[in-house]
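Novice: Sharing a structure, written as structure tokens. Questions coming.
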Amino acid sequence: YINASKIFIKQGVYDEARQYLEESLVLAQKENSLQDIYEIYLQLSIIYDKTGDYKNSLEFYKLYSAFRDSVFNTEINNKITELRVQQKSEEFEAEKAILEDKNKFQQLSITRKNQFLYAMVAVTGLILILIILVYSRYQSKHKANKQLARINQQMVEKNIFQKVLMDTIPNPMY
């Protein structure tokens with residue numbers, strides 16, 4: 001209807017244009033379409049201006065101006081709200097990224113500490129195994145040395161006994 005009324009205004013058919021605009025105004029008010037309402041008020045102001053009814057033209061122009069400002073303020077408020085939400089979202093995302101980085105760093109730190117701990121346990125285990133092996137080897141050698149010492153002692157005693165025995169038995173070769 002609004003576009004049709006603009007065509008009628010250009011053609012100079014003001015009564016027909018006003019009728020379309022009044023019907024459009026009722027629909028726009030039911031739908032609470034502020035942009036359509038202020039556009040209708042502007043077109044009605046133009047019609048009354050062209051028909052010489054300056055009082056109504058001024059009234060509709062004031063209505064147009066008030067609604068235009070209201071729509072403009074609403075749009076600005078919506079845009080401000082949208083920008084604030086976007087800023088909060090970006091701040092949240094930045095904070096989230098920082099926390100994720102901190103978490104990764106802590107996980108890496110924990111992983112390194114665990115790896116160090118595992119390495120220390122492994123080294124300690126290897127040292128213990130080495131100590132056990134060295135001690136076991138020492139015990140084996142000590143036991144073998146005792147056994148050899150006893151065998152040597154027995155052999156020395158046997159040699160002494162044989163020598164004493166040989167010394168006491170006369171030698172037929174002499």
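Novice: Within the range 61-83, track down each residue that is out of contact with any Leu (no Cβ under 8 Å at 6 or more places or on another chain) and modelled with pLDDT of 85 or more.
Specialist: LYS62, LEU63, SER65, ALA66, ILE76, ASN77, ASN78, LYS79, ILE80, THR81, GLU82, LEU83
Novice: What tally of residues in the range 38-59 results from selecting those that are part of a helix (DSSP H, G or I) and within 15 Å of ALA17 (Cα to Cα)?
Specialist: 13
Novice: One residue is enough: does the range 70-77 have a residue meeting the conditions in a helix (DSSP H, G or I), charged (D, E, K, R), open to solvent by less than 100 Å² (accessible area, probe 1.4 Å) and closer than 30 Å to ILE2 by Cα?
Specialist: Looking for residues that are in a helix (DSSP H, G or I), charged (D, E, K, R), open to solvent by less than 100 Å² (accessible area, probe 1.4 Å) and closer than 30 Å to ILE2 by Cα, one finds at least one in the range 70-77, hence yes.
Novice: If you don't mind, there's one more thing I want to ask. Can you name the condition, by its number, that TYR118 falls short on among (1) open to solvent by 100 Å² or more (accessible area, probe 1.4 Å); (2) within 30 Å of GLN29 (Cβ to Cβ)?
Specialist: (2)
Novice: Could you check ILE131 against (1) more than 33 Å from the chain's Cα centre (by Cα); (2) open to solvent by less than 90 Å² (accessible area, probe 1.4 Å); (3) hydrophobic (A, V, I, L, M, F, W, C) and say which number it fails?
Specialist: Only one criterion in (1) more than 33 Å from the chain's Cα centre (by Cα); (2) open to solvent by less than 90 Å² (accessible area, probe 1.4 Å); (3) hydrophobic (A, V, I, L, M, F, W, C) is unmet by ILE131, namely (2).
Novice: Show the residue pairs that are 6+ apart or on different chains and have beta-carbon atoms under 8 Å apart, the first residue being within the range 89-108 and touching a residue at least 24 places away in the same chain (Cβ under 8 Å) and assigned to a helix (DSSP H, G or I), the second being of a type in the set (Asp, Glu) and open to solvent by less than 90 Å² (accessible area, probe 1.4 Å).
Specialist: none
Novice: Moving on. Filter the range 156-174 down to the residues that are open to solvent by 100 Å² or more (accessible area, probe 1.4 Å) and part of a loop (DSSP other than H, G, I, E, B), then identify the one that is modelled with the highest pLDDT.
Specialist: Here the answer is PRO170.
Novice: Find all pairs meeting these conditions: Cβ atoms under 9 angstrom apart; at least six residues apart or on different chains; first residue within the range 22-40 and more than 16 Å from PHE72 (Cβ to Cβ); second residue in a helix (DSSP H, G or I) and open to solvent by 80 Å² or more (accessible area, probe 1.4 Å).
Specialist: These pairs meet every condition: ALA28/GLN35; ILE40/GLU22.
Novice: Does the range 41-51 contain at least one residue that is modelled with pLDDT of 90 or more, open to solvent by 100 Å² or more (accessible area, probe 1.4 Å) and over 45 Å from the mean Cα position of the chain (by Cα)?
Specialist: yes
The values are calculated or read from the model by the stated rules, or taken from the named source; none is laboratory data. Please read all numbers here as calculations on a predicted model, not as lab measurements. Cβ coordinates were reconstructed from backbone atoms using ideal geometry, including for glycine residues, and neighbour counts include every protein chain displayed. Surface accessibility is based on the protein's heavy atoms, side chains included, excluding ligands, DNA and RNA. Shrake-Rupley method; radii C 1.70, N 1.55, O 1.52, S 1.80 Å.
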